[in-house]
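Report on the structure given below.
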Amino acid sequence: MNGVRTRIAPSPTGFLHLGTARTALYSWAFARHHGGQFVLRIEDTDVARSTDASVQQILDAMHWLGLHYDEGPVYQMQRLARYHAVVEQMIAAGSAYRCYCTPEDLDAMREAQRARGEKTRYDGRWRPAPGKTLPPVPPDVKPVVRFANPPTGSVSWTDLVKGPISISNEEIDDLIILRPPPDDAPDGTLGVPTYNFAVVVDDWDMKISHVFRGDEHINNTPWQINIFRAIAGQGTPLPQYGHCPIILGEDGLKLSKRRGAVSVTAYQEAGYLPEAMLNYLARLGWSHGDDELFSREQMVQWFDGSHLAKSPAQWDPAKLAWVNAQYLKQADDARLAVLAAEQLARRGVVIEHAESLQPGCALYKDRCSTVVELADWLQLPFIELRPRDEDLAAHVTDAVRPALRDLRERLTEIDWDKAAIAAAIKDVLARHKLKMPQLAPALRVLVCGRVQTPSIDAVLALFPRDTVLRRLREV
Ligand code: GLU
């Protein structure tokens, strides 16, 4: 397929939502699959709610996920002059017009429609038509500009996800495409376009061929198609639209902030790896046979816009944790050490040389689902340890105390490595006629504060000798 250009167009009114990250991934993979381009556009026309901090978070999240864009970020607020030029062309061509209704006029219009039992909609009173006399222009009202939607016929498209969709134009009223600047704005301030208009001008100017986005935008698409045709001409091929179903939370309701983390950044902070996030997000709404684990390269190779799910997928934290665990197992220890050191720094545990954590990463990563869990293990030598009383009572019994004291003595004099520690433990077990399952839990509780750990000789070797001796001192 030639000329494939996709985009993602987040609004910087918050973090990068998981749903947007998923459609960003689909857009990116589709462009890469076809050797096309992927564009990042920042839809910052909601001036009151857009923030620079949010733009930065979005850029950081895209970078973290490795969704590299070929063009952008393009900021809509830097394109106001262009939207105004298109509006003027549309007014001249009769596909847009100025409307001087005040909020009070619109309220009264709706009230009257309700009283007549009609659906509320703009009644077209400022829409020019042959032979129609428009109301006199009120002196103090700054007009909005409305799109003159075709009054009859229907809008149809074949959605890449949902299949054929058709909406009658009678269902759609004349949408506001441009608002005037606020009354107190300095002279020369340009009014800001509405989403449905700016999105079309941009998709047209940027030659976007395929749009993947959330299905909350399905109802906007008929307007966008009509505006597109008005701007680009009837014969111009439309972008192809694919509307992906929303992501549901564990409770079957829309995934939302109230019901857990919904931002990409939150998962980064919670110790997930970007490749695991991408893998999990990809699978959430798309499939390639029964494959559960696949690389970015495979995703690019396979993602051709087909096999997108029509029904909503449910966010499954346990599955995500499983996917992340698979990637952690394979991850390079040097990389994990750096990530774990960052996690530890946030807890106030400063590791001067992240490389020093590598052996611990190698030992613990198999039993962790996240880098946070990995950091929980790695911090053990550095924190004030308080084993639980019930663990101490259960495992540090009179039966093992003499052996523990003896072992402590031995540990003062041996070479500090796994083999020597293992030999010392073996020796002590033999002398005290104990078995490993009697001594090891006591050591684990005293040194790690945990009943279960990887092989205790390997664990102890990761601790500074002094720390181990100190923790065994109390027995
Ligand atoms: N700014 C819109 C959003 O964040 C973009 C929708 C679109 O992709 O057209 O929902």
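A full extension of the chain between Phe382 and Asp46 corresponds to an added length of 116.2 nm, given 0.36 nm per residue minus the alpha carbon distance.
Filter the trypsin sites (Lys or Arg not before Pro) in the range 73-180 to those in DSSP coil with at most 11 other Cβ atoms within 10 Å of their Cβ, and list the result.
Working: sites: Arg79, Arg82, Arg98, Arg110, Arg114, Arg116, Lys119, Arg121, Arg125, Lys132, Arg146, Lys162; in loops: Arg79, Arg116, Lys119, Arg121, Arg125, Lys132, Lys162.
Passing both the DSSP loop test and the Cβ count: Arg116, Lys119, Lys132.
Calculated over the chain, the projected area of the Cα convex hull averaged across directions stands at 30.8 nm².
Heavy-atom accessible area, probed at 1.4 angstrom with all protein chains present, ranks His63, His33, His210 as His63, His33, His210, highest first.
Under the rule of -39500 (n - 2.57) per DSSP H run of 4 or more residues, summed and divided by the residues of the chain, what mean residue ellipticity at 222 nm is obtained, to the nearest 500 deg cm²/dmol?
Working: 19 runs with 208 residues, N = 475.
It lands at -13000 deg cm²/dmol.
The reciprocal of the average 1/r between distinct C-alpha atoms defines the Kirkwood hydrodynamic radius, which for the range 267-364 equals 15.1 Å. Put simply, the convex hull of the Cα atoms in the range 195-320 casts, on average, a shadow of 9.4 nm².
Under a point-charge model restricted to the Cβ atoms of Lys and Arg (+1) and Asp and Glu (-1), what is the dipole moment magnitude of the range 41-103 relative to its Cα centre, in debye to the nearest 20?
300
Per residue, the accessible area of the chain comes to 48 Å² when a 1.4 Å probe rolls over the protein heavy atoms.
Relative to the longest principal axis of the Cα atoms of the chain, the long axis of helix 333-346 lies at roughly 80 degrees.
Modelled this way, with points 7 Å down the Cα-to-C-beta line, the labels at Gln89 and Ala419 are 7.8 nm from one another. Charging the Cβ of each Asp and Glu at -1 and of each Lys and Arg at +1, and nothing else, the dipole of the chain about its Cα centre rounds to 740 debye.
Counting only protein heavy atoms and a 1.4 Å probe, tell me what percentage of the chain's accessible area is made up of carbon and sulfur.
Details: 11630 of 22840 Å².
It is 51 percent, rounded to a whole number.
Between His353 and Met77, the contour length at 0.36 nm per residue exceeds the alpha carbon distance by 94.9 nm. In this label model, Ala309 and Arg473 are separated by 5.6 nm, measuring between points 7 Å along each Cα→Cβ vector.
For Trp322, the shell of other residues with beta-carbons less than 12 Å away shows a net charge of +1, using +1 for Lys and Arg and -1 for Asp and Glu.
The values are calculated or read from the model by the stated rules, or taken from the named source; none is laboratory data. Since this is a predicted model, take the numbers as computed values, not measurements. Cβ sites come from the backbone with ideal geometry, for glycine too, and all protein chains shown count toward neighbours. For the accessible areas, the whole protein counts, side chains as well, though only heavy atoms, and no ligand, DNA or RNA atoms are used. Shrake-Rupley method; radii C 1.70, N 1.55, O 1.52, S 1.80 Å.
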